[in-house]
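Visitor: One structure is given below, represented as C-alpha cells, and several questions about it will come after.
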Amino acid sequence: MWVFAWVEGWTPTPVTVRDAAAIRGFCTFSLMLGMTYQLQTVLGYSPFEAGLAFVGFVGTAVISSTQLGRRLAPRMRPGLMMAVGLVLYAVALLLATRLTANTGYWADILPSMAVMGPGVGILTVPVVGTVMSVSDLRDGGVVAAVVNTMQQAGGSVGAVLLNTISISSAAA
C-alpha cells in the first residue's frame with residue numbers, strides 16, 4: 001500500500017480526482033453500511049447506540065479535514081495526499097475484516113472508524129481543492145456538483161455490492 005502512495009505522489013498522472021472521489025464514496029458508504037449491519041444485526045445495538053458508535057469516525061473526519069488536511073495541502077502534492085488518504089481507507093477496511101460476532105467496540109470497531117476519519121480528511125481536501133483550482137470561477141457550482149455526484153455514485157455502487165455480498169453470505 002505504501003508503494004502505491006509513493007508512486008501516486010510522484011507520478012505525473014496520478015489517480016484522477018474523479019476516480020478518487022468515486023473511490024472515497026465507495027469506501028465510505030461501504031464501511032458505514034457494513035458497520036451498521038455489524039452493530040445492529042450482529043451485535044444487537046439499538047439504532048441510537050449504533051449512531052453513537054459512529055462518533056469516532058465523525059470526530060476524526062472533522063478534525064482531520066479542518067486541521068490536518070488544511071495544513072498538509074500547502075506542503076504536499078495533491079496526488080500524494082490523495083494516495084495517503086486512499087491508503088488510510090484501505091487500512092480501515094482491512095481492520096473491518098477482523099469483525100466477528102464477539103467483536104468489542106473499543107478494541108475492534110473504533111480503530112477502523114478512527115482510521116477512516118483521517119482518510120476522509122486527507123483525501124477530501126486535495127480532491128475538492130484540485131477540482132476547484134482548475135475550473136473557471138463561473139463553473140464552480142457545476143464542478144462541485146460533479147465531485148459530489150461521483151462520491152454519491154461510488155457510494156451507491158459500494159452499498160449495493162456490500163449488500164449483495166452480505167445477503168448472499170447470509171443465505172449460504
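The values are calculated or read from the model by the stated rules, or taken from the named source; none is laboratory data. All figures in this text were calculated on a predicted structure; none of them were measured in a lab. Please note: Cβ atoms are built from the backbone with ideal geometry, for glycine as well, and neighbour counts cover all protein chains shown. Each accessible area value is taken on the protein alone, full model and side chains, heavy atoms only, with ligands, DNA and RNA left out. Shrake-Rupley method; radii C 1.70, N 1.55, O 1.52, S 1.80 Å.
Here is a yes/no grid of residues against (1) within 18 Å of the chain's Cα centre (by Cα); (2) of a type in the set (Ser, Thr, Tyr):
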position	(1), (2)
ALA50	no, no
SER64	yes, yes
LEU95	yes, no
MET116	yes, no
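Visitor: Let me ask another. Are any of the residues in the stretch 97-105 within 19 Å of PHE57 (Cβ to Cβ), open to solvent by 40 Å² or more (accessible area, probe 1.4 Å) and not in a loop (DSSP other than H, G, I, E, B)?
Guide: Restricting attention to the stretch 97-105, the residues satisfying the condition of being within 19 Å of PHE57 (Cβ to Cβ) are 97-99, 103-105.
Add one more test, that the residue is open to solvent by 40 Å² or more (accessible area, probe 1.4 Å), and what stays is 97-98, 105.
From the residues that got through so far, the ones that are not in a loop (DSSP other than H, G, I, E, B) too are 105.
Yes, the stretch 97-105 has at least one match.
Visitor: So, one more: In the list VAL87, VAL115, which residue meets the criterion of being touching a helix residue (DSSP H, G or I) at 6+ places or on another chain (Cβ under 6 Å) and either under 17 Å from PHE54 (Cα atoms) or small (Gly, Ala, Ser) (or both)? Can you show your working first?
Guide: Values: VAL87 fails: either under 17 Å from PHE54 (Cα atoms) or small (Gly, Ala, Ser) (or both).
Sole residue among the options that is touching a helix residue (DSSP H, G or I) at 6+ places or on another chain (Cβ under 6 Å) and either under 17 Å from PHE54 (Cα atoms) or small (Gly, Ala, Ser) (or both): VAL115.
Visitor: Follow-up question, since we're still on this one. Against the conditions (1) without any contact (Cβ under 8 Å) to a residue 40 or more places away in the chain; (2) touching a Leu at 6+ places or on another chain (Cβ under 9 Å), where does LEU137 fall short? Just the number, please.
Guide: (2)
Visitor: Of ILE122, ILE167, ILE109, which residue is aliphatic (A, V, I, L, M) and open to solvent by 40 Å² or more (accessible area, probe 1.4 Å)?
Guide: Result: ILE167 is the single residue among ILE122, ILE167, ILE109 that is aliphatic (A, V, I, L, M) and open to solvent by 40 Å² or more (accessible area, probe 1.4 Å).
Visitor: If the requirement is being in contact (Cβ under 8 Å) with a residue 60 or more places away in the chain, open to solvent by less than 40 Å² (accessible area, probe 1.4 Å) and touching a Ser or Thr at 6+ places or on another chain (Cβ under 9 Å), which of these qualifies: GLY69, GLY85?
Guide: On the way: GLY69 fails: in contact (Cβ under 8 Å) with a residue 60 or more places away in the chain.
The match here is GLY85.
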